[in-house]
Structures are given as structure tokens and as C-alpha cells.
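Read through the structure below, which is laid out as C-alpha cells, and then see the notes.
The values are calculated or read from the model by the stated rules, or taken from the named source; none is laboratory data. None of the values given here were measured: they were computed from a predicted structure. Note that we place each Cβ from the backbone using ideal geometry, even for glycine, and neighbour counts take in every protein chain shown. Ligands, DNA and RNA are stripped out before the accessible areas are found, and what is left, the full protein with its side chains, is counted by its heavy atoms. Shrake-Rupley method; radii C 1.70, N 1.55, O 1.52, S 1.80 Å.
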Amino acid sequence: MQPPEVEYIRDQIANHVAEFTTLESGDLFDSGLIRFLPYDEAATIQERAIAVPFDIPIPKSQEEPYKVRFNDTDLTLWNRITPPSDNSWRAIPDGSAPLWYTNRFGSLIPAWNLFGNLFYLLTFGEEKESSQKDLHGRFAASFSPRAKYGLLEIPAFNEAVAALVGACAGLRDSGQPAFNIDGLIGPPVISLSHDCDILRGNDIWTQAVRLVRIFRPLVKMRLPGISNSWWIMRNAVAPRAFYFDNATGMIDLERCFGYRSTFYMLNGRSGRFGARSGLAVIPELLKEIPPEWDIGVHYNYDTFLNDERFSAQMEQLQEVTDSDIVVGRAHYLRFDPEKSFSFLQKHGISIDESSGYSDMIGYRNGIAGCFQVYDTVLKRPLEIWELPMTIMDTTLVRQYGPESITRFSQLLYHLSRVGGALSVSFHPGQFFNPEHKQMLGVYHRMLIECRQTGALAKTARSHVDSIA
Amino acid sequence: MEIRLIADGEEELCNKFHNRLYNDNRTMHQWRWEFVFNNYDRRPIPYAVVVDNGEIVGTQAFIPIRMIDEDGCYWTAKSEETLVDPDYRGKRLFERMYRLLFNYANEHELAHIWGFTPATRAFERLGFSIPAQTEQIFVPFSNKSIPVMMSKSLHGGKKNLADKLKIAAIRSGCLLAQTASSLKIAYTKRRTIDGLDIRTWHRPDEQTDHLCRRFIRQWGGTTIYRDAEYLQWRLFDNPYVKSVVRALYYRDELLGWVAFTMGDDGMGYLVDLMTAVDDSGYGAEDLIRLLLLEAVIGTRNMGATGIRGWRINNHPFDRLICSVAKGIGFYHIKRGHAVVLYPCQAGAKRGVTGGFDDWFVSRVYTEGVLG
């Protein structure tokens, strides 16, 4: 009997292999090639197998990473482990940047803390150990120890699985771990979603913000932002322009690429951080969303861990749609890694997309793809899945400016080499809106890159359905 | 050098040759969609190659396309993949590949060979005629559409005063044109028709076959036979860019459709428009107006910089589309590529060579990259 943590990681790897590689998960585990062992036992292994130590602690401070060339991309590894003390183990490909340690029996031990890193990231280890929060009570990307070393955009889980796949295939075929796994990795997957925060541009909050923007420059003795008066007038006359209309435009654009997405509806209490457009417009948009697209709930700001308000929002949304709402994402990404999942599960949510950063793009859980959430107190997985959001529209553009599409393309290319799903959130109001000029055409160019990379589109719900 | 039809296993070589010469990255899936997976199920596929020392140095292909006229359906071929390695030019390889394909066309009873090209001279030498030029109907949504229409960038490079004045004039003209179009579109939006149902297709309706036949009865001439299988291949399975198709129904009877898409250049494309009026009592003009409006609003909401479609000849339906389009804010721009047309033996026998004005042509004839 293996510890529950090992069973959990093993299951997540198996799901990932089934979804993103051409192997059956059984190819990895049923053959007995991969074994999760305490480090001391792994060090004494004397047969052709991969021994993954599961009892190496994560160091208190982030260690400097290193890179290993693999399958025409770089794997970025950290928390390197020392090879067993007897001299029979050597590093592959070399001692300065090893991926594996191997002995004369063909046994392999990962050269970095594979198990520890993955378990730590999937169970939100970084943020559970931190007390830092931003104004909205969120764990920002800049608080992560990985930020310092530029590791937030590294899908550590995917890279580890790709290395395992290469090792299994290599051991089976040639007795050596493979570093080229062409043909074993499926096409990259793109998971598109849209938070419908604002569907009509004439609500009091949006118009008030524009009004403030007219006069705010005066405080700094600058010319007033007169252009905002044009946006005020424009949406006063045509409230749906560049909001509701954009949502329908996004659906059509996705059709042109053969893609589909999830629309997260924000309803419930109104307010600056609340549902600005009200409920009435939601049924109208729901009519425009084809059945192949998914609909989810955008948990309102004030429903954060509040049973009564959350239930009220769900009931209200459920009244205007026939489909079961089981997918959701938190407005402002307000989310507590220790309490939110059981809370959401209690309210009927089985797939969540809230685990992302608002200040930077990045893999908050080190994974590009979905995983079952693990309760570290009860020591068992919960009946809820997380598809961490990697990229949010404005965050990408704010962070990378004119290089946004290049960076997006690099992330996608990397996933085409190691397998995985990139989750992208794009707000209708940012899709095609002359008020936000820097965002014009960004979504279209992202979809072009997806097509060029041969990416397939899957919604959060279809990820989980395919695993289940 | 060997000139013959493509052999098994040469597909990838041909695609690499194309990508090398055009500096393109067309995928094998795209190649197969175009030349193998179309709805022409006869083999071998009409794809001629020139092979020298195991290397592909020239290609010329047909995409067989079924058309319909009053006598029924018949096969034609779109000329595609005309490419000769620059080191091998001047050896009449194009003519020699075409000789092979002319034989193929006669053996397989292809009635016409047609295509669109800026390089007409080589085709004329083979006996092709140039019956028309493609022209454009166009609505600008922003001044970013102008460089796309002019096929040149307004940015970059050193500009003298004359260039700057020219750009300023273009931008001002575009703004005026855009404003005029917007007003016309807004006015037309209010003139919608009750009783008609507009649906977006997820797959083609089986009634398209019937509508094509009605179209020929009503408008005469000939056009691509757009049955559900063809439309599925051309619009929905297209690996370059798929189309959004909105269709008009009167009590579940299909009255027409419009297909539109957005190109990688940010321009909206009016890919196809067909209507045939039966017992519904609606006028063709009204239906065309509704469908054009769907395409305009649809592409505008997709973030397109403008929308363009083709205006080709004097086919009555083409003329009507152009006239309705102008009424709702489109501009007619006489700028495009030459049409090349070659009548084969089967075409002469059918007696369908009554002139290119008999052909109803839309951008659906581009078969791919251009939407």
C-alpha cells in the first residue's frame, strides 16, 4: 500500500498521459517501469526501472533552476537531488545539468525532486506557506518564490511527465531514457474561456470610471482625457457595442478556427466589483451561445466563501439556463486554496478555473492541463477538478507588450513538445474594443498561432469529461 | 526529367517544394484537404509533377469541382499549384505538365478548366481565355482595411511629403467612406423582414442541393454545385479558415445562405451568397439585403477591419448582389485578378460555353487560403 500522496500523484500523471500523449496510461504504470519509493530504497534498485523518490522534502528557499535540452525544447528543473552515495550512479545527459541518474542495471532516478515539486505545486504549497495577500485577498504571482527565477511560465508537471514518457519509451526500446519523443506527444490543447463581467457598456460603474478618467489627469496638471467622453456617449447610444456584440463576434471567430470555448456568466449583486450588467441581458446572450460551447458561472465578488450569496447567485443563473452549471471561475480570481474547493464542491461546482494570476501570466500550479484537487488535511482527492488559468488577456499584453503574441506562441510551442493545455481567458470587452487599442486583434492573432501549431480546442468541461 | 502524375509517397515532397518556393508553412493536412479529401473520389488525383533526380522541380494540379446548369451536374477543374523551380524556368515545364493534365481532363470528362491568376501570359499560350477580372465589393470598418485592399503597408519605410499627403488623403477618404457606410448599414438594420428565421449552421443543410437547382431555374447559367457534401468540405472542414454560415428559412424551407469569414489579414471575407425564392413570396432583393447585412454585422463583430466580396461578371444574380450591396454601404472597386478559362472537349459537347457571363462566381471558388 502506497501513501495516499503517491496514489494521488500517480493518478494525475496517468490522467495527463492519457490526455496529452499517444501512450495509454497503462503503458507507463502497468508495466511496472515506474516505481515510487523512499529515497533509500530507490538508491538500491538494481533493475531496469524508474525509481521516483517520494520522501525528499522541499527546501525552505527556492533553489536556482537549470535547463536540460529535451525533444527540441528545454526542460527547466529545480530542487536538484544528489545521486546515491555509492559511485555506481552517473548523470544523464551530464553532471552539470542532469535529467536522470542511472546505474549499470539501467535503473533511473530523476535528478530533481520530481515527486516533491509536483505535489507541492498541485497542493498550493507556495501559497499555503505564505501570508502575503493583495488588496483583494489574492496570492499574487509576484509573491511566488518561483517568480524570482522566472519559473512561473514553466509547466513543471508537463515537463516531468514528458521526461517520464521519454524514459519509459527509451528503457523499453533501447535501455536508455529517450530525449526525443516525437510521435509520443499529442497536439497541444487550447482551453478558451470568456468572463462576461460587462455585457452592456452603459452601466453606471463603467460610465463613472470613464468620467473619472476624463478629469483624473488634471490632478497631475495634464490635459483631461477627453476621449473618454466619446466612449461614454457611444455606449449610452449603443450599450451592447463592443461588449455583448463582441461576445457573439468571439463565437463566430472561434467557429472560423473550429474552436469552442466556455462563457462564464457574472450575475448576482451589482456594484463596482459585482455584476455590472445585471441579469436581464444574460438570457439574451445564452440564446446566442451554441450548444457545443459551455456555460459556467463567474462567482461574484461578494460570494467568496459565503454560502448564502453563492447559493443565491447559482439559483438565479440556473433559472435562466437549461444546462447544468458545474463549471466556474471566480470574479477577480478571489480564491482560497484551503477553503474554496470544498466550498465550491458543496455548491455543485465540479470544475473550476480560478487558479491563475491577475498580475502575471503563469502556471500557478505548475501544470498546463487539469488536475483533481487534493485535500492535504483529509489526505484524499476531492470530487472537484481544477484547470488553472494560465493567460489573461490584459495581463499578457501588459507584461509582454508588442511581444505578446511571440510569447504566447513560445508557450504553445513548448506544449507541443511536452504535451499539455494552455488555458486562456479573454473578456468580451477586451476582444475588439477601440477603447482598449492595445488589445485590438490580439485574440485573433492568438487563434492564428493556435492553428499554426496544430492546437486543438477543449473546454474545461470537456477535459474532465474525457478523463472521466 | 520525368513529367507524370504524382505517385504514392510524393505528397510530402510536393508540399515541401511549395513551402520552399513560397516560404510558406502549409501543413500536410492542408495539402491533403485541398487535393485528396475533396469530393472528387476518382483516382489518380490530377496532380502533375516534374521530377529531376528524385527532386520535385515543378507542380501543376487540378481541384475537380462539380458545377450545375440547366442540364444537371458536371465536373470542371480549378487550376491550382502552378509552380516551377526558378532554376528550371524556360524549359516549358508548365506547358508539358498541362499537356498531361489536358489529357486527364478529356479522359475524365472535365468540362472546363478555370482559375484566377495575375500571371496570364503562360495560360494564354496554352489556349486559355481571359473572360473577366475579379472586382471587389467592399465596406471599410476602419482605416486599417485600406492597406489590405491596396496590398501594401502604410507604415514603415521613409516617406516624403507627397507620400505623407497621400496617406493622409487615403485615411480621410476612408473615414468618410466608413461613415457613409455605417449610416447606410444602420438605416438598413431597421428594415428587417418579419417571418424569416435566420439560423447559423453547424453543418450544411441537406436542402442546399435543392436550392442550387432552384437557383439555376431562377437565375439561369451555371455555378458550383453546392450540395451538403461540397459545403462541408469547402466551408466547414477547411483547415485554412472555416466560414460562418447564416441561412434564411421560411417555415423550415431554406431560402438562401451567406458564408463569411475573417482572413489572417484581419479583413472579413464574403465567401458565398445564394438565394432562390420559391413560394415564400419574399423578393430576392430583400433576402440578399438581409444576408449581406448578416455578413457585415457578423464580420464587424468579429473585429474585422472591413469586408470584401467579389463582383465578377454580368450574371443577373451577381449584378443584383452588387446593386443591393451598394445600397447598404458597399463600394464597388475595380481591382482584382484575371479569370482564366479553358473549354475542354466535354464542355464543348455540353454546349455550356455560352460565355463567362453565364457563370455565377463568388469567393467560394477560391477553394481555401483566401477563404
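Checking the conditions here, which among A:GLU63, A:GLU47 is touching a residue at least 40 places away in the same chain (Cβ under 8 Å) and either farther than 27 Å from A:SER96 by Cβ or of a type outside the set (A, V, I, L, M) (or both)? Before the answer, list the steps.
Working: A:GLU63 fails: touching a residue at least 40 places away in the same chain (Cβ under 8 Å).
The match here is A:GLU47.
Quick one: which residue in B:ALA7, B:ALA77, B:ALA61 is in contact with a Leu (Cβ under 6 Å, 6 or more places away or on another chain) and of a type outside the set (D, E, K, R)?
On the way: B:ALA7 fails: in contact with a Leu (Cβ under 6 Å, 6 or more places away or on another chain); B:ALA61 fails: in contact with a Leu (Cβ under 6 Å, 6 or more places away or on another chain).
Exactly one residue qualifies, and that residue is B:ALA77.
Hydrophobic (A, V, I, L, M, F, W, C) and either outside any helix (DSSP H, G or I) or in contact with a Phe, Trp or Tyr (Cβ under 9 Å, 6 or more places away or on another chain) (or both): which single residue out of A:ILE214, A:ILE232, A:ILE282, A:ILE295 fits that description?
Working: A:ILE214 fails: either outside any helix (DSSP H, G or I) or in contact with a Phe, Trp or Tyr (Cβ under 9 Å, 6 or more places away or on another chain) (or both); A:ILE232 fails: either outside any helix (DSSP H, G or I) or in contact with a Phe, Trp or Tyr (Cβ under 9 Å, 6 or more places away or on another chain) (or both); A:ILE282 fails: either outside any helix (DSSP H, G or I) or in contact with a Phe, Trp or Tyr (Cβ under 9 Å, 6 or more places away or on another chain) (or both).
Residue meeting the stated conditions: A:ILE295.
Search the range B:127-148 for residues that are open to solvent by 50 Å² or more (accessible area, probe 1.4 Å) and pair each with any residue that is of a type in the set (Lys, Arg) when their beta-carbon atoms are under 7 Å apart and the residues are at least 6 apart or on different chains.
Listed by first residue and then by second, the contacts come to B:ASN143/B:ARG171.
I need a count of the residues in the range B:32-56 that are within 14 Å of chain A (Cβ to nearest Cβ) and free of Cβ contacts under 8 Å to residues at least 24 places away in the same chain. I'd like the intermediate steps shown before the answer.
Filtering the range B:32-56 for residues within 14 Å of chain A (Cβ to nearest Cβ) gives B:32-33.
Now restrict to residues that are free of Cβ contacts under 8 Å to residues at least 24 places away in the same chain: B:32.
Count: 1.
Look at the range A:363-419 and say how many of its residues are among the small types (Gly, Ala, Ser) and out of contact with any Leu (no Cβ under 7 Å at 6 or more places or on another chain).
Restricting attention to the range A:363-419, the residues satisfying the condition of being among the small types (Gly, Ala, Ser) are A:366, A:368-369, A:401, A:404, A:409, A:416, A:419.
Narrowing the set further to residues that are out of contact with any Leu (no Cβ under 7 Å at 6 or more places or on another chain) leaves A:369, A:401, A:409, A:416, A:419.
Qualifying residue count for the region: 5.
Where in the range A:91-182 are there helices (runs of 4 or more DSSP H), lying wholly inside it, with at least 1 residues that are among the β-branched types (Val, Ile, Thr)?
Values: elements: A:114-122, A:125-128, A:156-173.
Those helices (runs of 4 or more DSSP H) span A:156-173.
Can you go through A:SER423, A:SER409 and tell me which one is within 17 Å of A:SER193 (Cβ to Cβ) and hydroxyl-bearing (Ser, Thr, Tyr)? Give the derivation first.
On the way: A:SER409 fails: within 17 Å of A:SER193 (Cβ to Cβ).
Every option except A:SER423 fails the conditions.
Quick grid of which residues meet (1) polar (S, T, N, Q); (2) buried (at least 19 other Cβ atoms within 10 Å of the Cβ); (3) within 30 Å of A:SER107 (Cα to Cα):
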{"residue": "A:VAL161", "(1), (2), (3)": "no, yes, yes"}
{"residue": "A:ALA169", "(1), (2), (3)": "no, yes, yes"}
{"residue": "A:SER193", "(1), (2), (3)": "yes, yes, no"}
{"residue": "A:LEU199", "(1), (2), (3)": "no, yes, no"}
{"residue": "A:VAL219", "(1), (2), (3)": "no, no, no"}
{"residue": "A:PHE242", "(1), (2), (3)": "no, yes, no"}
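Residue under question is A:ALA280, and the condition is that it be surrounded by fewer than 22 Cβ atoms within 10 Å (Cβ to Cβ), more than 10 Å from chain B (Cβ to nearest Cβ) and either touching a strand residue (DSSP E or B) at 6+ places or on another chain (Cβ under 9 Å) or closer than 23 Å to A:VAL326 by Cα (or both); does it hold? Give the derivation first.
Working: surrounded by fewer than 22 Cβ atoms within 10 Å (Cβ to Cβ): yes; more than 10 Å from chain B (Cβ to nearest Cβ): yes; either touching a strand residue (DSSP E or B) at 6+ places or on another chain (Cβ under 9 Å) or closer than 23 Å to A:VAL326 by Cα (or both): yes.
Answer is yes for this residue.
Pick from A:ILE448, A:ILE467: which is at the interface with another protein chain (Cβ under 10 Å from one of its Cβ atoms) and either surrounded by 21 or more Cβ atoms within 10 Å (Cβ to Cβ) or over 16 Å from A:TYR264 (Cβ atoms) (or both)?
Working: A:ILE467 fails: at the interface with another protein chain (Cβ under 10 Å from one of its Cβ atoms).
After applying the criteria, what remains is A:ILE448.
Would you check if A:ILE34 is more than 22 Å from the chain's Cα centre (by Cα) and under 30 Å from A:GLU129 (Cα atoms)? First the steps, then the outcome.
Working: more than 22 Å from the chain's Cα centre (by Cα): yes; under 30 Å from A:GLU129 (Cα atoms): no.
No.
If you go through the range B:328-360, how many residues are open to solvent by less than 50 Å² (accessible area, probe 1.4 Å), within 22 Å of B:PHE215 (Cβ to Cβ) and at pLDDT 90 or above?
6
Conditions first: (1) within 14 Å of chain B (Cβ to nearest Cβ); (2) under 24 Å from the mean Cα position of the chain (by Cα). A:ARG240 passes all but one, so which condition is the exception?
Failed condition: (2).
If I ask for residues that are open to solvent by 10 Å² or more (accessible area, probe 1.4 Å) and touching a His at 6+ places or on another chain (Cβ under 9 Å), which ones from the range A:305-330 would you list?
Those that are open to solvent by 10 Å² or more (accessible area, probe 1.4 Å) and touching a His at 6+ places or on another chain (Cβ under 9 Å): A:ASP307, A:SER311, A:MET314.
Any residue in the range B:239-253 that is within 14 Å of chain A (Cβ to nearest Cβ) sitting within a Cβ distance under 8 Å of a residue that is of a type in the set (Ser, Thr, Tyr) and open to solvent by less than 10 Å² (accessible area, probe 1.4 Å)? List the pairs, counting only those 6 or more apart or interchain.
B:VAL241/B:THR261; B:LYS242/B:THR261; B:SER243/B:THR261; B:VAL244/B:THR261
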